[in-house]
Structures are given as C-alpha cells and as structure tokens.
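We did not get these values from a lab; they are worked out from the coordinates using the rules stated. The structure displayed is predicted, hence computed values, not measured ones. With ideal geometry, Cβ positions are generated from the backbone for all residues, glycine too; neighbour counts draw on all protein chains shown.
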Amino acid sequence: MSEYKRNKAMIVCILAVVVGGAALSGWLAYTGGWMGFGWGNSPTTTFQFMLQEDNPPSSAVVIVQLDVGTVNVTFTDSPDLVYLFEVEVPNATLQTQGVPTIQSDNGVYILNYTVATVNLVLGNSSRYVIGAEVDTGDVAIDIGKSANVTEVFVTMTTGNVDLTISDDAPLQDRVDVSIRITTGNVNLTVRLPAGVGGWYLGSVDDEDITLEGSRWTRSGGFYITPDYDEAATKLKIVVTLQTGHVTALLG
C-alpha cells in the first residue's frame, strides 16, 4: 500500500436532524428483505464525511463495522474522491455513543459504530479493498463501470447481502470476494466483463444458481469459466453460509 500525505482536509458536517415520533429505545424493528432496516418516525441525525485528494492513493482500504444497521456501497466517476460516507444515526444512539468518526491510518479508513445506516460512495482512482463487518443488518455492494477493486469481504452474524458485478466493471489482475454469514440470505448478480475469468464456490445447503449464456460451467462443487486459469484478470467468489439461502446469477 502506497504512502501519501493528505492535501485536503477531511470535511465533517451534520446534514440534517429529522424529528418525529417517539424516541428510539431498545432494538430496532427488522422488516426483512433487502435493506430492511428503517428508523420509522424516530428522530435521526445524518453525518457526512468526505475525503478528496489532488493525488489519491494508488490503493485504499475502506471498512465499515456496525453492530446493527445497513451498508450500501457504490462507485462514482470522480478521480479525486477517496470516500464519501453518509451516516444516519438514531438520536437515541447518538446520545449514548457520541458522534461517529472515521479512523485513518496510512490509507486504511474505518467507520466503527453501533447502530447506523451507511451510504458509502467511492471514487475511481484508487484500487480498493472494501470490507463490511455487520453483526445484524443488510449489505449491498454495486461494482459497476467506475469500480476499481482488488478485494471485497463481508462478514455477518445475521442478515442479507446483495452483491452486483456488472460487465462494464474495470476489473484488473485478481479480484477476491468473500462473503461469510451465520444466518441470512445472499443475492449475487455477476456478469463477467470480457476477458475476465470467473470462479465461484458456495458453501451452503440451499442454493439456486442460474447460468446466463455459456461462459460458466459446473465442475464438481464449484462453477468456473473455461478461461479462468489462463485469464490475465480473475474474479474469485466464495460464499459461506451456515443457515439460509443463496440466489446467484452467473453470466
């Protein structure tokens, strides 16, 4: 990981306070489905954390750690953006836990908080390792035409993961994806870019796999494209789920 100096200050601002209904207490209601957490009429505060660089680092590690909540990761065509976090926190949590912060150390950026909805937007100059570590909640990651990733990992105790990789994603070299859940559901939509070899293994009893086109074939307990070993760019996906269901489209 390259070393660099920041040349622009991190911007931290409170965007809004939404007031209404009774104060949040105890566990938040889980409504199910993708992005199933909602604060209802409970008052929340949204914080924004943004880091821009004239010369972004060649690589960056961005990790979100939550006890309860939602993580949504997308990319944008912005050459100077390292990250943009929008963090919505119930006011009751804010009173006991304080304001969320981004920990930074030599290109590693970590948001560690208890209860929140997190929208994370990343730029397209750095190569990213993206991590989501959530005890209970939902995670959605969209790897599209502006995404520059080398690794994605998600670990959860209970919850849902929705991962999309589109055929215009500029994948390079080797990209590793690891999803580990104790109890929950995983929804994968993977359409390989041209020239990228794919390998997928699901360690789960309940799994529905749809093969789109003719690139993927089943080999024993895993799925692979015939060009995987020779491909200059490789995508490897491993899903480990103790209890739950995996739905995957491989194209």
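Computed values, structure above
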quantity: Cα-centred dipole magnitude for the range 11-250, charges only on beta-carbon of K, R (+1) and D, E (-1), debye, nearest 20; calculated: 120
quantity: Cα gyration tensor category, rounded, prolate or oblate, for the range 90-245 with a/c compared to 1.5; calculated: oblate
quantity: Sequence of M50, M156 once ranked by neighbouring C-beta atoms within 10 Å, starting from the fewest; calculated: M50, M156
quantity: In sequence order, calculated HN-Hα J values of the range 214-230 (Karplus, 6.51, -1.76, 1.60; Hz; x Gly/Pro); calculated: 10, 6, 9, 9, 8, 9, x, x, 10, 10, 8, 9, x, 8, 4, 5, 8
quantity: Net +/- balance of residues flanking V118 in space, Cβ distance below 9 Å, scoring K and R +1, D and E -1; calculated: -2
quantity: Alpha carbon centroid spacing (whole Å) that separates the range 85-163 from the range 218-251; calculated: 24
quantity: Relative contact order %, the range 69-212, counting alpha carbon pairs below 8 Å whose residues are six or more apart; calculated: 22
quantity: Whole-number percent relative contact order across the range 11-250, with pairs defined as alpha carbons under 8 Å at least 6 apart; calculated: 16
